[in-house]
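Here the structure comes first, spelled out in structure tokens, and everything after it is commentary.
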Amino acid sequence: MRLVDFPREDLAAKFSDALTALNGNVVLAPDLDAAQAHLRTMLAGKRVVASRAPILGGIGEEYSREACAAADIGVTSADFALADTGTLVFLTESRESRLISLLPPRHIAVIERDRILTSLDELLSRVPHPGVQSSAMVLITGPSRTADIEMRLVRGVHGPGEITVIIVGS
Amino acid sequence: MKSAPPQKIQQTLADPKLQKAIYSATGRLAGNRRKTIAADVLPDYQELRQHAHDLKKHTLDHLDAYLEEFERNVAARGGKVIWASTGAEACAFIGNLARERGVKLVVKSKSMTSEEIHLNEHLEKDGIDAVETDLGEYIIQLAGEKPYHIIAPALHKTREQVAEVLHAEADSTPEDLTAIARVALREKFLAAGIGITGANFLVADSGAIVLVENEGNARLSSSAPAIHIAVAGIEKLIPRAQDLAVFLKLLGRSATGQPLSVYTSFLAGPRRAGEPDGPEEFYVVLLDNGRTKILADPGKRQSLYCIRCGACLNHCPVYRKIGGYSYPWVYSGPIGKILTPQFMGREQDPWLPFASSLCGACGEVCPVKIEIPKILLELRQEIVEKSGDRRERMAFRMFAWIMRHPHIYAQFRWVRKLRKLPAAGPLKAWLSQRDLPDLPKKSFREQWRERGRA
Amino acid sequence: MAEVLERAGCEVEFREAQTCCGQPAFNSGYREEARDVARHFLKVFEGAEYIVIPSGSCTSMISHHYADLFDGHHETRVHEFSRFLVEVLKVDDVGARLDSVATYHDSCHALRELKIHDAPRRLLRNVRGLQLTEMDAAEECCGFGGTFSVKFAEVSGAIGRTKVESIVRSGADTVVSIDSSCLMQLQGVLSRAGSTVRTMHLAEVLASR
């Protein structure tokens, strides 16, 4: 297996390119305060469900099934990101629920810059036994989509149609 | 050939709208694949294919050991493996569990394996509502039809037809129709007592299943209901989580031209203490249903390497004309051509392996390098030997005899007289589609002799 | 083909006892019969050093599938015509001339089993007066497939018509291939469609002056 070598400084840019090509949004925040401030602006006036990950700064309603089903926006942290495909990686052992990033029509994730890896290869060499740590590892690559009707691309089928990633520490 | 190819073939060929839909949908999928495996995008594509092929071979060569390892690890994570030798056993387990738990509503994400065993019919008979949640599958379920293509189940339906099925306005856009389905299915996900999925891969060293999708319905089916059941053929096994690096790189690209599908879920057992959500119970139904029999065939066991990407369908000149419904079983296209006789018996649809021009495009694009044309040729030989057409055999015996007697062969200038023959049999079939070729005035031998070269 | 090979400096021998490689029987599942025919081929060509064949499918039958008929038999003496010129004789210009707009059809066995793609195109590019244009479906099957063309005639015809549409879109007046069976299929469909596009085997093109 060949590991592609990107200089670490470029990974955020690479991730951003890959995700925006899929119609995802990326925000580069210089530090945690800026990230949380930006987050609060995005959430103003919306019904929000969020995990209790410290990086989020305690916004929104706590997780419950009903909250996820009713919320406009679900906010989570992320364990890793993969630069070459614009992918977010979630391991439930970090107390991220499965449904916060799945039921609401919009998903926002906040992640530290240095959690961005090059690719799936690197992820699997870092986490060779995902099943040990949690019951679910989920890779999310852009908004939910289908082309089942006349091959026309439609976003937001069952999962969120809009996804935004705030990268902290650019 | 004893049984004739289905009427469906003629019907499909005669429908210009359907022809256009099939050709353009498969063409688009093929074009997208090409972009993501191009030499400058994925330079080690051929090595990856070989690696994937070798991994599958290795796994199937040691399947017993890997199955045991898988079961141990599923149990260690709090899940349970159910061994089903037949489809009936698998259905019985699922039906019984639903009854025991008082479940009346089940949500399903896309699983060709569940189609193979007629799971939905079984559940309906038990009074259980089994709702398909993949958009394409949902549509065809409402229409009472079967999937048209491994990746695009509703490929054959126009938006007007979909609108009718969903009781929507006739001029609804795909966005409108998707929104209607989203709302309707959301209720089901949250109310269902059991979520049933297939599995793209079973990971032996982790006791985990892997679900690859774009919509989110597999995630919802495996996360919202209290019970999750995954139904998968035993050949879906791969040795280690790390092997996903090879398979995931090939699957998305080969299927739809995506380097990674939108959602990849690696699920190892039910939710654990401290996790906010996830199923309380986790079952993996391992299905044989004829697979070990195929495994025993040295030349054709590679048919089981298939990762269900659909690339062979998209490149097959025959599939692109006759469409998914012309195939007798749930698996269509080139992979369907080689699996059907092996599962159902060669006598069932003996024409199937012959419905190919042997162009080889399928083998060329298969991400795990299944030698489909080679297997088709083996199947042809088996069929002809077991239940061949006596007249055809005689014709080929005569062919072989003539070809061993060159002076007789050289006499066949009568071929020029073909034009004057009444059109019957193969000649009639040829002429139904095209004109006869122009023949040269002199044969090669005649010309060669004239130049004094003999 | 013999003329072109001589022009390129070869001594050409034609063994009159030759008949067929056995592919029709093999593809239809009749391996015993195919083996009989193949044995005749091997007998006829005993001692030959280079066997040049103006057909991709015959060449691949012998080089790739004789091993299925005779355990461990690896036939390395057979060469498809265009590949023989370009890779063995190292010739890509035979001094041919043909005024035409031509498009090349990649026959399936040649492309996928023998990996022949560039050699015929190189040869065609050096034909004076010939403008080579690519059709969008160059690598798609023509639909012949041997007995498939009559056993599944309607499907074969439909595939052929799609191919012909691509040929017409290319603007060519001539379609060239290294397989006569493909040419027979294409010519039949073109003529039935009332098209004036002609079909020519690569050898015919290269023999043109």
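Every number here is computed from the coordinates shown, using simple stated rules; none is lab data. All figures in this text were calculated on a predicted structure; none of them were measured in a lab. Glycine also receives a Cβ, built like all others from the backbone with ideal geometry; neighbour counts cover every protein chain displayed.
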Item to check | Partner aspartates and glutamates for B:K293 [C-alpha distance under 17 Å; skip if fewer than 8 residues away on the same chain] | outcome: B:D61, B:D64, B:E116, B:E235, B:E347, B:E378, B:E382
Checklist outcome for this item: Exposure proxy check on C:M1, B:M394: fewest-to-most Cβ neighbours within 10 Å is B:M394, C:M1
Checklist entry - Which residues' amide hydrogens lie under 5 Å from the amide hydrogen of A:A136, considering only partners 5 or more residues apart or on another chain, with H built in the peptide plane? => result A:T92, A:E93, B:A268
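How about the stretch C:1-97: which GluC sites (Glu not before Pro) there lie in a loop by DSSP and see at most 11 other Cβ atoms within 10 Å?
Values: sites: C:E3, C:E6, C:E11, C:E13, C:E16, C:E32, C:E33, C:E46, C:E49, C:E75, C:E80, C:E87; in loops: C:E11, C:E13, C:E16, C:E46, C:E49, C:E75.
Filter output for the stretch C:1-97: C:E11, C:E13, C:E46, C:E49.
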Checklist outcome for this item: In deg cm²/dmol, rounded to the nearest 500, the helical mean residue ellipticity at 222 nm of chain A, built from -39500 (n - 2.57) for every DSSP H run of length 4 or more, is -6500 deg cm²/dmol
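In a shell of Cβ-Cβ distance under 14 Å around A:P128, excluding A:P128 itself, what net charge do Lys and Arg (+1) and Asp and Glu (-1) give? All intermediate terms of the calculation are to be shown ahead of the outcome.
On the way: positive: A:R126, B:R240; negative: A:D121, A:E122, B:D205, B:D243.
Summing Lys and Arg as +1 and Asp and Glu as -1 gives -2.
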Checklist outcome for this item: Between the alpha carbon centres of the stretch A:138-167 and the stretch B:26-90 the gap in Å comes to 24
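How would C:F14, B:F93 line up from fewest to most surrounding beta-carbon atoms within 10 angstrom? Don't skip to the answer; put the middle values down first.
Values: C:F14 12, B:F93 17.
Placing the least packed residue first, the sequence is C:F14, B:F93.
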Checklist entry - Across peptide B:365-374, what mean number of C-beta atoms from other chains lies inside 10 Å of a residue's C-beta? => result 1
Checklist outcome for this item: Phi-derived 3J(HN,Hα) across the stretch C:34-43 with the Karplus relation (6.51, -1.76, 1.60, θ = phi - 60°), rounded Hz, x for Gly and Pro, is 4, 4, 4, 5, 5, 4, 4, 4, 5, 5
Checklist entry - Amide H to amide H, which residues 5 or more places from C:I116 or on other chains are under 5 Å from it, using H placed in the peptide plane? => result C:L111
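List the chymotrypsin sites (Phe, Trp or Tyr not before Pro) within the stretch B:236-282 that DSSP assigns to loop and that have no more than 15 neighbouring Cβ atoms inside 10 Å.
Details: sites: B:F247, B:Y263, B:F266, B:F282; in loops: none.
Answer in residue order: no site qualifies.
Could you sort out which of B:K56/B:K386; B:K20/B:K321; B:K35/B:K56; B:K8/B:K337; B:K321/C:K163; B:K108/B:K188 sit more than 19 Å apart by Cα distance in this structure? Don't skip to the end; give the middle numbers.
Values: B:K56/B:K386 31 Å; B:K20/B:K321 9 Å; B:K35/B:K56 25 Å; B:K8/B:K337 16 Å; B:K321/C:K163 12 Å; B:K108/B:K188 10 Å.
From B:K56/B:K386; B:K20/B:K321; B:K35/B:K56; B:K8/B:K337; B:K321/C:K163; B:K108/B:K188, over 19 Å: B:K56/B:K386; B:K35/B:K56.
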Next on the checklist: Based on DSSP loop calls and a cut-off of at most 10 other Cβ atoms within 10 Å, the longest stretch of chain B free of exposed trypsin sites (Lys or Arg not before Pro) is what?
Outcome noted: B:1-440
Checklist entry - Applying the Karplus parametrisation 6.51 cos²θ - 1.76 cosθ + 1.60 with θ = phi - 60° to the phi angles of the stretch C:58-74, what ³J(HN,Hα) value in whole Hz is obtained for each residue in order, glycine and proline being reported as x? => result 5, 4, 6, 4, 6, 6, 9, 10, 4, 5, 6, 8, 10, 3, x, 7, 10
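Hand me the trypsin sites (Lys or Arg not before Pro) from the stretch A:32-114 located in a DSSP loop with no more than 16 other Cβ atoms within 10 Å, in residue order please. Don't skip to the answer; put the middle values down first.
On the way: sites: A:R40, A:K46, A:R47, A:R52, A:R65, A:R95, A:R98, A:R106, A:R113; in loops: A:K46, A:R47, A:R52, A:R95, A:R98.
When the trypsin sites (Lys or Arg not before Pro) of the stretch A:32-114 are filtered for loop state and at most 16 Cβ neighbours within 10 Å, A:K46, A:R47, A:R52, A:R95 remain.
Give the average, rounded to an integer, of partner chain Cβ atoms located within 10 angstrom of each Cβ in B:251-264. The partial results should precede the final answer.
Values: counts 0, 2, 0, 0, 0, 2, 0, 5, 9, 13, 4, 14, 10, 8.
Other-chain Cβ atoms within 10 Å of each residue's Cβ, averaged: 5.
Which is the longest run of chain B containing none of the GluC sites (Glu not before Pro) found in DSSP loop states (not H, G, I, E, B) with at most 12 other C-beta atoms within 10 Å?
Numbers: sites that count: B:E169, B:E280, B:E347.
The segment B:1-168 is the longest one with no such site.
Listing A:T85, B:T158 from the residue with the fewest other Cβ atoms within 10 Å to the one with the most, what is the order? Write out the running numbers ahead of the final one.
Working: A:T85 23, B:T158 14.
By the 10 Å Cβ count, ascending, the order reads B:T158, A:T85.
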Checklist entry - Once amide H atoms are built 1.01 Å from N in the peptide plane, which residues 5 or more positions from A:F80, or in another chain, come under 5 Å H to H? => result A:V89
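Can you pull the mean other chain C-beta count within 10 Å for peptide B:314-323? Write down the numbers at each step before the final one.
Numbers: counts 0, 3, 1, 14, 9, 0, 5, 10, 4, 0.
Per-residue shielding by partner chains comes out at 5.
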Next on the checklist: For chain B, give me every cysteine whose Cβ has no other Cys Cβ within less than 4.7 Å, ordered by residue number.
Outcome noted: B:C91, B:C306, B:C309, B:C316, B:C366
Checklist entry - What list of ³J(HN,Hα) couplings, whole Hz, do you get for the stretch B:158-168 from phi and the Karplus terms 6.51, -1.76, 1.60, once you set θ to phi - 60° and write x for glycine and proline? => result 7, 5, 5, 5, 5, 4, 4, 4, 8, 6, 10
Checklist outcome for this item: Length-normalised contact order of chain A, Cα under 8 Å, at least 6 apart, in percent, tallies to 30
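Span-like helices, chain B: DSSP H, alpha-carbon axial extent 30 Å or more, mean Kyte-Doolittle -1.0 or greater, which ones?
Numbers: long enough: B:16-37 (31 Å, -0.73).
Both cut-offs are met by B:16-37.
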